[in-house]
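Notes follow the structure.
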Amino acid sequence: MRTSSFRACPLCEAICGLEMQFEDGQMVAIRGDDADPFSRGHVCPKGNAILDLEADPDRLTSPVRKVDGEWQPIGWDEAFALAGRRLADVQKEHGPAAVAAYLGNPNVHHFGHIAYLPSLLRLLRTPNLYSASSVDQWPHQFVNALMFGHQFLLPIPDIDRTDYLLMIGANPVASNGSLMTAPGIPRRIKELTARGKLVVIDPRRTETAELASEHHFIRPGSDGMFLVSFVQALMRQGPARTAHYEGKIAGLDDALKAIAEVDCSDVLDVTGIDADTVGRLAAEFYAAPSAVAYGRMGVSVQRFGTLCQWLLQIANLYTGNLDREGGALVNEAAIPITGPGTSSGHRGRWKSRVRGLPEFAGELPVAVLAEEMQTPGEGQVRALLTVAGNPVLSTPDGRNLDAAIDALEFMVSIDFYINETTRHADLILPPASPLTQYHYDLIFNAFAVRRVARINVPLRERNEGERADWEIVNGIAAAYAEASGKPWQALPPPKTMIAAGLAKGSSGLALADLEAAPHGLDLGPLRPSLLSRLETASGMIEAAPQAMLDELQTLRDGLAEAEPQRPLRLIGRRDARSNNSWMHNAQRLVKGKTRHHLLMHPTDLASRKIESGARVRVRSRVGVIETEVIASEQMMPGAICLPHGFGHGLEGVRLARASQVAGASYNDLSDAMSLDGACGNAALNGLAVEVEPA
Ligand SMILES: Nc1nc2c(c(=O)[nH]1)N[C@H]1C(S)=C(S)[C@@H](COP(=O)(O)OP(=O)(O)OC[C@H]3O[C@@H](n4cnc5c(=O)[nH]c(N)nc54)[C@H](O)[C@@H]3O)O[C@H]1N2
Ligand SMILES: Nc1nc2c(c(=O)[nH]1)N[C@H]1C(S)=C(S)[C@@H](COP(=O)(O)OP(=O)(O)OC[C@H]3O[C@@H](n4cnc5c(=O)[nH]c(N)nc54)[C@H](O)[C@@H]3O)O[C@H]1N2
Ligand code: SF4
Ligand SMILES: [Mo]
């Protein structure tokens, strides 16, 4: 007999409700849950691929330990004790900084990771904390902290009600939306373009651009100039509409004055978009009944990412669209992640040892991780904990990081795959399937385009001999505490923690209310709330943070950095059938044509006498990779495009299917020295490269 269970998908920010069908305890099918009021039946190929993940023979289900280069089984208690003792020993001998931790993207998708790891990390007391955030959304968090006083006071585009969406450097039709949890993006975009307008600015004519009202190519990395020019054009349309923010805003005149002073006379040369077009878009944006400017990976993970995020909010502010329906609104999450007792996002409490880069929100930029391992001296990193991450493929100059990790004294990973990074571990602790655990999306409920809440209950028991993610974190912490003589108290199970979290919020919801709604709860559209929640010292929106005025000064110099021997600009790409570096082992996703090739405009191929389909070498300052190139009119001439997360053919990796679609790693080209100057986020997009026949 078939039975159905319902759960939010843990694979991306869209948190679609899934209907999972079981037969005799075996999961046999997955469909979008039509009764989920938020996702309304939406599902993508990845959601279905959970079937492959659950049945993957390469997936670890119990701990393994490397002995003389061979993986051997080890019991849980012994594994915890070994991890705790080795981490404590390294710190005893070399000091607390000698242990580093790296947390990867899936941490955010699992309550048993995100709610439990902070206590383990506090126990380790190391300055060397790293995560995928510094190759991703740091610029957003940083701007939120500067302007609104909290890293998670995040303005979200009100996509369902806006009349005009200016979207720059985002491709939600492939990515399913980011820092904008909105399941079923294509439907939402179709409704938007029927009601108003979507304008996409992107060096590639993407899947989203295809659905947009209008698309413009932009030279990679030149968005800072485009947005300055755009705000200048808004200023020519009429006065700032700031009545709404009266008494709640500081520095707007200073910000506008500094923006007005930037010389944008050559905006066409720099960006590829002419001044008339910028002016027309600004006029439309200013005149629209409601409008919102939004940018993601393409504008945040580049040299001027933070500046771009600030300029986007200035555009929203100037036109009165910040904290307004149809504009950009901050969610009021049922389990609060802002306000008392949360981490607002401080900066500079410590610095990285080698390059002296400041900490942000408790972490150092991951671009410095390799040098912290490779540079001798007091505080050198000698041991590593990774949790749900693959920094060898995901962070800049991955090949060098790979070598640095290989030379460590000890490494322990919480992960269920032996991937390009965890192959170096001495010990791997694999969590049981997330489907066996209580889960509440702390982050994505809070970043959603509606006020939603949902508890996910276990769909089945975990198998005999498996451990849940939160039990593993507790297990390592307890063993480490014992070995290091530090006091420690285990955290209670997720259900208890979720109930406690709800009690801290003002939604009035209790656990039982969520449990009574197996398809999730819709609590209504977003509402203005930012002005009453500001956490800046002044209690006002700080429109002109000094760090942003400084970046404006360097914008022109930064854009002028020419590299004649590397004239092409490399950008990334996401595909609906891919998920960063780790789902290429799922048969449902990798079957059919390969997806890791380089895209290049025909004229750029012709001028280099390269045929479409040929193998090419791509060179950057730090590395060279080989891959296949395909001619594509989707690309702006001068810009070339490669997805990240490939490069699976490395020795010792246990990903049988992924290794057949190995591809090359983007991050063997990206540069650990090339950062967003304002916050230290990696500048992965807009990389200067050259291509030659292989
Ligand atoms: N060039 C370039 N580089 C990029 C990007 C880009 O656009 N271009 N994007 C960046 C972005 S946005 C991100 S978020 C990062 C991602 O970078 P990472 O977070 O470092 O890597 P992932 O590929 O997400 O690897 C996830 C790992 O988690 C494991 N995993 C999955 N689910 C679970 C679980 O439930 N528990 C545990 N313990 N492990 C689990 C998987 O097996 C896999 O090994 O990559 C970044 N790197
Ligand atoms: N299918 C799938 N979905 C995913 C992921 C995945 O790997 N696969 N990863 C998830 C993660 S971790 C994240 S963070 C989100 C990211 O979500 P998005 O940011 O929406 O996804 P990207 O495809 O990286 O979109 C970035 C866009 O910026 C463009 N771009 C690159 N450089 C520039 C530039 O200099 N200027 C401008 N204007 N545009 C530029 C690229 O062409 C691309 O279209 O996606 C999530 N969803
Ligand atoms: S869009 Fe995201 S949340 Fe929805 S099914 Fe696909 S991977 Fe899962
Ligand atoms: Mo990400």
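The values are calculated or read from the model by the stated rules, or taken from the named source; none is laboratory data. It should be emphasised that the depicted structure is a prediction, and the values quoted were computed from it without experimental measurement. Please note: Cβ atoms are built from the backbone with ideal geometry, for glycine as well, and neighbour counts cover all protein chains shown. These accessible areas exclude ligands, DNA and RNA; they are computed on the full protein's heavy atoms, side chains included. Shrake-Rupley method; radii C 1.70, N 1.55, O 1.52, S 1.80 Å.
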For this session: In nm, give the distance between the simple-model label positions of residue 407 and residue 626, each being 7 Å from the Cα along the Cα-to-Cβ direction.
Result: 2.7
For this session: Add +1 for every Lys or Arg and -1 for every Asp or Glu among the other residues with Cβ under 15 Å from the Cβ of residue 664, and state the total.
Result: -1
For this session: Normalising by the residue count of the chain, find the relative contact order in percent from Cα pairs under 8 Å and 6+ residues apart.
Result: 20
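Count the DSSP beta bridges whose two residues both fall in the chain, then state the antiparallel fraction as a percent rounded to the nearest 5. Intermediate results must be reported in sequence, preceding the final value.
Working: 45 of 83 bridges.
Given both bridge residues lie in the chain, the antiparallel proportion sits at roughly 55 percent.
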For this session: Would you mind pulling out the separation of the Cα centroids of the range 318-372 and the range 81-146, in Å?
Result: 15
Problem set entry | Residue list for the range 381-396, given a label point 7 angstrom along the Cα-to-Cβ vector of residue 125 and an amide N cut-off under 20 Å | 381-385
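Assuming 0.36 nm per residue, please report the length gained on full extension of the stretch residue 510 to residue 550 beyond their Cα-Cα distance. List each step's numbers first, then the result.
Working: separation 40, 0.36 × 40 = 14.40 nm, distance 4.62 nm.
Length gained between residue 510 and residue 550: 9.8 nm.
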Exercise. Classify the chain: rounded, prolate or oblate, from the alpha-carbon gyration tensor (a ≥ b ≥ c, eigenvalue square roots; a/c under 1.5 rounded; otherwise prolate if a/b is larger than b/c)?
Worked result: rounded
For this session: Obtain the nm distance between the two label points defined at residue 67 and residue 246 by a simple spin-label model: each point lies 7 Å from its Cα along the Cα-to-C-beta direction.
Result: 7.6
For this session: Taking H placed 1.01 Å from N in the peptide plane, check which residues at least 5 places from residue 437 or on another chain put their amide H under 5 Å from its amide H.
Result: 459
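Answer rounded, prolate or oblate for the range 563-693, using the Cα gyration tensor with square roots of eigenvalues a ≥ b ≥ c: rounded when a/c is under 1.5, else prolate when a/b is larger than b/c, else oblate.
oblate
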Exercise. Distance from the Cα centre of the range 522-558 to that of the range 225-278, in angstrom?
Worked result: 16
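Where only protein heavy atoms count, and the probe is 1.4 Å, what is the accessible area per residue for the chain in Å²?
36
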Exercise. Suppose R0 equals 56 Å; then what is the FRET efficiency for residue 500 and residue 275 from their Cβ-Cβ distance, rounded to the nearest 0.05?
Worked result: 0.55
For this session: Excluding residue 404 itself, calculate the net charge of residues whose Cβ lies under 13 Å from the Cβ of residue 404, where each Lys or Arg counts +1 and each Asp or Glu counts -1.
Result: -4
Exercise. Which net charge results when you count Lys and Arg as +1 and Asp and Glu as -1 among the other residues whose beta-carbon is under 9 Å from that of residue 693?
Worked result: +2
Exercise. Any idea how far apart residue 85 and residue 263 come out in nm if each label point goes 7 Å out from Cα toward Cβ?
Worked result: 6.8
Problem set entry | At R0 = 60 Å, FRET efficiency that the Cβ-Cβ distance of residue 254 and residue 354 yields, to 0.05 | 0.95
Exercise. So how much slack lies between residue 2 and residue 210, counting 0.36 nm per residue of separation and subtracting their Cα-Cα distance, in nm?
Worked result: 70.9 nm
Exercise. How would you rank 659-669, 624-634, highest first, on the average number of other Cβ atoms within 10 Å across their residues?
Worked result: 659-669, 624-634
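Rounded, prolate or oblate: which fits the range 2-55, taking a ≥ b ≥ c as square roots of the Cα gyration tensor eigenvalues, rounded meaning a/c under 1.5, else prolate when a/b beats b/c?
The shape class here is oblate.
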For this session: Taking H placed 1.01 Å from N in the peptide plane, check which residues at least 5 places from residue 384 or on another chain put their amide H under 5 Å from its amide H.
Result: 100, 410, 411, 412
Exercise. Rounded to a whole number, what % of the accessible area of the chain do carbon and sulfur atoms account for, probe 1.4 Å?
Worked result: 50
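For residue 576 and residue 457 in one chain, what is 0.36 nm times their gap in residues minus the Cα-Cα distance, to one decimal in nm? Can you show the working numbers first?
Working: separation 119, 0.36 × 119 = 42.84 nm, distance 2.69 nm.
Full-extension gain reported as 40.1 nm.
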For this session: Could you work out how far the C-alpha centroid of the range 4-73 sits from that of the range 650-694, in angstrom?
Result: 27
For this session: Run a plain Debye calculation on the range 346-395 (Cα atoms as equal point scatterers, no solvent) and give log10 I(q)/I(0) at q = 0.21 Å⁻¹, rounded to two decimals, same order as the q list.
Result: -0.83
